[in-house]
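Trainee: This is the structure I want to talk about, given as structure tokens.
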Amino acid sequence: MIHRAMRMLLNLLFSLFVAYLAMVLLVYLGQSRLVYFPDKQLSNTPAMFGLDYSSMSIVTADGETLHGWWVPVPDATGTVLFFHGNAGNISHRINYLTMFKRLGYNTLLFDYRGYGQSSGAPSESGTYLDAQAAWQYLTVTQKIAPEQIVLFGESLGGAMAAWLAAREKPGLLALASTFTSVSDLATQIYPFLPVRWINRFEYNTLGSLQSVTCPVFIAHSPQDEIVPFQHGQRLFQAASGAKQFLTLQGGHNNGFVFMQPVWQKALGTFMDEHLKSPTD
């Protein structure tokens, strides 16, 4: 009887172990679907919000074509290169275009490969090429001085913005609700998985910040249910030089809505104070 019970227990443990390994394998193979949530359909355009804009096609170093919107303003204080989060597409970020126009900044809002009308499929190395292509468009095609460019990234886009800021010389870097790294975030979300062994994505924002020399603005909410508040705090601690931290209120996707007047004023003031003017 005891041997039979032991055999049943061992069979149960073996079944649970096999099920666990199967789950780990599924997560490993399907990581891309856990990181990227692209929407190919554009829901609206800047024209629907009364904004003058141009649709842009930007070719990457590996031959993909990125779609974006260029929204200029007269006598602009500077230019914002905007990196959106991991879900949707640029048509879900038009409120940022109106905000930056109100602050007196040109904006380039573009979709990564696989998002919206951009070709290809997203990958970490690919999105870095996308970031470089957008930077080249502003500095080479539009002939905008690097020190006049603000790199603004929300959530996953913050990792790309920080990566680019560590390799170029922008005037300023702004991170909104951004994580320290995919590994750090995934470890908190999936504590029951060997994340650091199976993870194929880095997006190491914290590592990039160690090489960033421009002023840094970071905004994060203690109520963020997707990226814990401590990620923003750690990023702020890692930033050197001129920097500012703004504590938001609300969830990951609505904190900026609840506090729009406050954070818009804080970000605008920080950019105006630390971005070099065209005559400097």
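Trainee: Taking the Cα centre of each part, how many Å lie between segment 62-76 and segment 104-143?
Mentor: 8 Å
Trainee: Heavy atoms only, probe 1.4 angstrom, no DNA, RNA or ligands counted: give me THR178, THR139 ranked by accessible area, highest first.
Mentor: Values: THR178 0, THR139 35 Å².
Sorted by accessible area, descending: THR139, THR178.
Trainee: Moving on. Heavy atoms of the protein only, probe of 1.4 Å, neighbouring chains included. What is the accessible area of PHE201 in Å², nearest 10?
Mentor: Only protein atoms counted, so the area is about 20 Å².
Trainee: Next question. For ALA133, what charge total do you get from the other residues with a beta carbon under 14 Å from its beta carbon, if Lys and Arg give +1 and Asp and Glu give -1?
Mentor: -3
Trainee: List the lysines whose alpha-carbon lies under 24 Å from that of LYS143, not counting same-chain residues fewer than 8 positions away?
Mentor: LYS101, LYS169, LYS276
Trainee: How much accessible area does VAL35 have with a 1.4 Å probe, in Å² rounded to the nearest 10?
Mentor: Result for VAL35: roughly 20 Å² accessible.
Trainee: A further question on this structure: Can you give the local net charge around GLN117? Use residues other than it whose beta-carbon is closer than 13 angstrom to its beta-carbon, Lys and Arg +1, Asp and Glu -1.
Mentor: That sum, taken over residues with Cβ under 13 Å, equals -1.
The values are calculated or read from the model by the stated rules, or taken from the named source; none is laboratory data. Please read these numbers as outputs of a predicted model, since none were measured by experiment. Methodologically, a virtual Cβ is constructed for each residue, glycine included, from the backbone with ideal geometry; neighbour enumeration extends over all protein chains shown. Only protein heavy atoms, including side chains, enter the accessible area calculation; ligands, DNA and RNA are left aside. Shrake-Rupley method; radii C 1.70, N 1.55, O 1.52, S 1.80 Å.
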